[in-house]
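Student: Below is the structure I would like to discuss, written out as structure tokens.
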Amino acid sequence: MSSLSKYLSGKWLTVYAVVYMLFLYAPVFLLPMFAFNDATIISFPLQGFTTKWFDVLWETQALHGAVRNSATVAISTAVISTILGACAARASARYRFPGKRPVMGFIMLPLVLPEIIVAVSLLVLLMQLGMSLSLWTVVAGHVLICTPFSIAILSSAFQGLDNSLEEASFDLGESRWGTFRRVILPLVMPGVVSSLLICFTISLDEFIIAFFLTGTDVTLPVYIWSQLRFPTKLPSVMALGTILLALSVVLLILAEWFRRRAAKKQGIEASAGGFM
Amino acid sequence: MAAIDANDIIVLSDVTKTFGTFQALKGINAGIREGEFFSLLGPSGCGKTTLLRMIAGFDEPTTGTIDINGKPMAGISANKRPTNMVFQSYAIFPHLSVAENVGYGLKTQKMPKKEIATEVDKALDMVDLHGLGDRGAHELSGGQRQRVALARALVMRPKVILLDEPLSALDKKLRDQMQVELRSLQQTLGITFILVTHDQEEALIMSDRIAVMFEGEIAQLASPEELYRRPRTKRVASFIGVMNFLDAKLGSQDETTLTINIDALGPVQVPIDIAPAGLNPATIDAVGIRPEMLTVLGDGNDNAEHKVEGEVTGTAYYGDMTYYTVQLPGSGEPVTISMRNTAGRSVLPAGSKVMVRWGAESVVLFE
Ligand SMILES: Nc1ncnc2c1ncn2[C@@H]1O[C@H](COP(=O)(O)OP(=O)(O)OP(=O)(O)O)[C@@H](O)[C@H]1O
Ligand SMILES: [Mg+2]
């Protein structure tokens, strides 16, 4: 009896897992499917294999501008967030100061705030300050949501850093800067790279903040959204989506690989912290 | 207070350290001589590491001064001091090879690569790690890591090497071996070593002089032999080895001798100069005798000067030694007596009536 119920519950668990995975990833698989489908209308049955939608992408000038904008925003966001994240992670790993917990909590808050709220409040703030919207206001918004991720990744790197390594370097006659360059940086480098990649990916894919805070220059997701109004452009949007998807997956895998390497370098259990 | 000599390489004067409201060091005065092996010995939390870190320059004293090599060290940071530290965790740089670890400090001095390589090889030879320069930090055993940490300090040719419990992570056998090696290396090189340890045996084996610390103060600073034979306080006496304490009072005194009435043993005359400086004989309330200074005589046919009857209440056999617990006359605590198990000497069972022999010269006075 009990083994039967065990069997049943085991079976249901499998069914549940399969349905869940389908629900989660089936739409994602539709993207490449239609990107290579030889028809203007997005519907089954599939018509045949083509790469012409990718060729269309090459010829669309407006798209190239959007790619450049997105690259600018994503790279700036990645660099700024990682620097801010490194400072915060270091401070939190190294120093005890009054109110440290609430301060760290507030920094991490954007991680769980709905993006639409962040976007709207930033828009209101910028308007009040009389600032004009541009790619840089998008960068500001993206830094706000990326920094918590950067802190989370870099915290594990900085926390694993044995304080006595710094002291040993200092004791052997090295300066503060030299110690940073020769000991700290190499040890946290994989974490830094991981943070750069994650922030880059988040910024590249982010839509709501970019939509609210951008001026006349649009980023890639905003461009894609604007193209959805034209049914004929839908297949090429699918192609673009496929490229973005592939890029994001590669970047995230790379990021995790670097994070694990950092942990391993310091001899920490790799499964602690991180997102994957 | 230890006499401070002009030749001392390190002079600590009234050094205190306060963390918040907690006073970790309460006025340390000591001089450390050039070329000696000096140990800071004390129980956990007595401030040994705190003191060592202030000598290294990782921390500043709250009050008081530290002079190294005749120069006051206030405001001079660790990277400018003629000291090098061997950390308890070894602090081997995990991303560098053994040779890069050892050569780390020389590289900061902008020494040419070739010279660094020769110096590193020499240092690795000194610590018996010949040919391991290319190993990664992760490919080393605990003992090897310890040697790398030592080589990394030695290669800098510092005036003073500071060691914070360097052997505590090693197993007993390796620790015993490293104690001997460290000591002979120190004697060959003639560099001043300051060792922090809570292991009294380790301190006795390795040191020229030992400062015993309790709760942020130096209780006694002396050679291992003097510490063992003439501990100044009961606390030092029981921290270093085993000591039997017997209640006692001053009987009478003249210029050269004190007559002490020991409750369990009777009166004894001791030369006045065995009393520690500053001890007022009238305040004596106990004497101490080490277990090996007492002898159990099977049948009491020995015509020793001082002997007393007792009863064996316990026996612990250690192979080469036997430890007896013996109740002496009176109501005091039983004493511990250690006897070497030489040929023809049998182990006495509990309940045996024995004579206990002792010598006046082995008595330590306490107030
Ligand atoms: N940074 C600090 N802040 C507050 N208290 C401290 C700090 N460093 C040390 N202490 C306190 O000072 C006292 C002495 O510490 P220290 O590390 O010098 O002890 P120790 O003699 O080296 O002990 P152990 O044998 O356990 O290493 C301890 O009670 C410790 O809690
Ligand atoms: Mg300590």
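Student: Have a look at B:GLY288, B:GLY35, B:GLY136 and tell me which one the Gaussian network model of chain B (Cα, springs below 10 Å) gives the largest fluctuation.
Tutor: B:GLY136
Student: Note down the nm distance, to one decimal, between modelled labels 7 Å out along Cα→Cβ at B:PHE22 and at B:THR256.
Tutor: If labels sit at B:PHE22 and B:THR256, their model points lie 5.3 nm apart.
Student: Which of B:THR192, B:THR325, B:THR16 ends up with the largest GNM mean-square fluctuation for chain B, with Cα atoms connected below 10 Å?
Tutor: Looking only at B:THR192, B:THR325, B:THR16, the biggest GNM fluctuation is shown by B:THR325.
Student: Suppose a student asked you for the relative contact order of chain A, using Cα pairs under 8 Å spaced at least 6 residues apart; what percent would you report?
Tutor: 29 percent
Student: Answer rounded, prolate or oblate for region B:242-367, using the Cα gyration tensor with square roots of eigenvalues a ≥ b ≥ c: rounded when a/c is under 1.5, else prolate when a/b is larger than b/c, else oblate.
Tutor: Note, shape of region B:242-367 comes out prolate.
Student: Could I get the Rg over Rh figure for the protein assembly as shown? Both from C-alpha atoms, Rh via Kirkwood, rounded to two places.
Tutor: That ratio equals 1.18.
Student: Specify whether the C-alpha gyration tensor of region B:117-205 places it in the rounded, prolate or oblate class, a ≥ b ≥ c being the square roots of the eigenvalues: rounded for a/c under 1.5, otherwise prolate if a/b is larger than b/c and oblate if not.
Tutor: oblate
Student: Leaving ligands, DNA and RNA out of it, report the carbon-plus-sulfur percent of the accessible area of chain B at a 1.4 Å probe.
Tutor: Here it works out to 49 percent.
Student: Return the FRET efficiency for the residue pair A:TRP177, A:MET127: r is the Cβ-Cβ distance, R0 is 35 Å, and the value is rounded to the nearest 0.05.
Tutor: 0.25
Student: Report the local net charge at B:SER338: Lys and Arg +1, Asp and Glu -1, summed over other residues whose C-beta lies under 14 Å from its C-beta.
Tutor: Net charge around B:SER338: +2.
Student: Still on this structure, I have one more. For B:PRO329, what is the net charge nearby, where nearby means another residue's Cβ is under 14 Å from its Cβ and Lys, Arg count +1, Asp, Glu -1?
Tutor: -3
Student: Heavy atoms only, 1.4 Å probe, whole protein assembly: order B:ARG183, A:ARG261, B:ARG340, A:ARG96 by accessible area, highest first.
Tutor: A:ARG96, B:ARG340, A:ARG261, B:ARG183
Student: Over the protein assembly as shown, average the accessible area per residue using a 1.4 Å probe and give it in Å², no decimals.
Tutor: 50 Å²
Student: Let me ask something else. With runs of 4+ DSSP H residues as the only contributors, calculate the mean residue ellipticity of the protein assembly as shown at 222 nm using -39,500 (n - 2.57) per run, divided by the residue total and rounded to the nearest 500.
Tutor: Calculated mean residue ellipticity at 222 nm is -14500 deg cm²/dmol.
Student: With the contact rule set at Cα under 8 Å and sequence spacing of 6 or more, what percent relative contact order holds for chain B?
Tutor: Rounded, it is 15 percent for chain B.
Student: Let me ask you something else. To the nearest hundred square angstrom, how large is the accessible surface buried between A and B, total for both chains, probe 1.4 angstrom?
Tutor: 1800 Å²
Student: Once you place label points 7 Å from the Cα toward the Cβ at A:SER226 and B:ASP14, how far apart are they in nm?
Tutor: It is 7.7 nm.
Student: Same structure, new question: Quick check: with the 1.4 Å probe, what order do A:THR60, A:THR214 take by accessible area, largest first?
Tutor: A:THR60, A:THR214
Student: Right, something else. With springs only between Cα atoms under 10 Å apart, run a GNM on chain A and tell me which of A:VAL193, A:VAL143, A:VAL124 wobbles the most.
Tutor: A:VAL124
Student: Would you mind telling me the share, in percent, of accessible area of region A:60-265 contributed by carbon and sulfur at probe 1.4 angstrom?
Tutor: 72 percent
Student: Relative to the isolated chain, which residues of region A:160-175 have their accessible area cut by 20 Å² or more in the presence of all protein chains (1.4 Å probe, heavy atoms, no ligands or nucleic acids)?
Tutor: The answer is A:SER164, A:LEU165, A:GLU167, A:ALA168, A:PHE170, A:ASP171, A:LEU172, A:GLY173, A:GLU174 - residues whose exposure falls by at least 20 Å² when every protein chain is included.
Student: Calculate the mean, over all residues of peptide A:112-124, of how many other protein chain Cβ atoms lie within 10 angstrom of the residue's Cβ.
Tutor: So the per-residue partner count for this stretch is 0.
Student: Heads up, I need the accessible area for A:ASP162: 1.4 angstrom probe, whole protein in place, Å², nearest 10.
Tutor: The accessible area of A:ASP162 comes to roughly 60 Å².
Student: Among bridges DSSP assigns within region B:8-229, what percent are antiparallel (round to 5)?
Tutor: 55 percent
Student: Separate question: For B:LYS107 and B:GLU225, FRET efficiency with R0 = 51 Å and r from the beta-carbon atoms, rounded to 0.05?
Tutor: The formula returns an efficiency of 0.75 here.
Student: Next question. May I ask which residue of B:PHE58, B:GLY143, B:ALA91 lies farthest towards the positive end of the charge dipole of region B:37-150, with charges of +1 (Lys, Arg) and -1 (Asp, Glu) on Cβ and the Cα centre as origin?
Tutor: The listed residue farthest towards the positive side: B:PHE58.
Student: When a/c reaches 1.5 or more, the comparison of a/b and b/c decides; with that in mind, is chain A rounded, prolate or oblate per its Cα gyration tensor?
Tutor: Oblate shape, in that a/c is at least 1.5 and b/c is the bigger or equal ratio.
The values are calculated or read from the model by the stated rules, or taken from the named source; none is laboratory data. Computed from a predicted structure; not experimentally measured. All Cβ positions, glycine included, derive from the backbone under ideal geometry; neighbour counts span all protein chains shown. Ligands, DNA and RNA are excluded from the accessible area calculation, which covers all protein heavy atoms including side chains. Shrake-Rupley method; radii C 1.70, N 1.55, O 1.52, S 1.80 Å.
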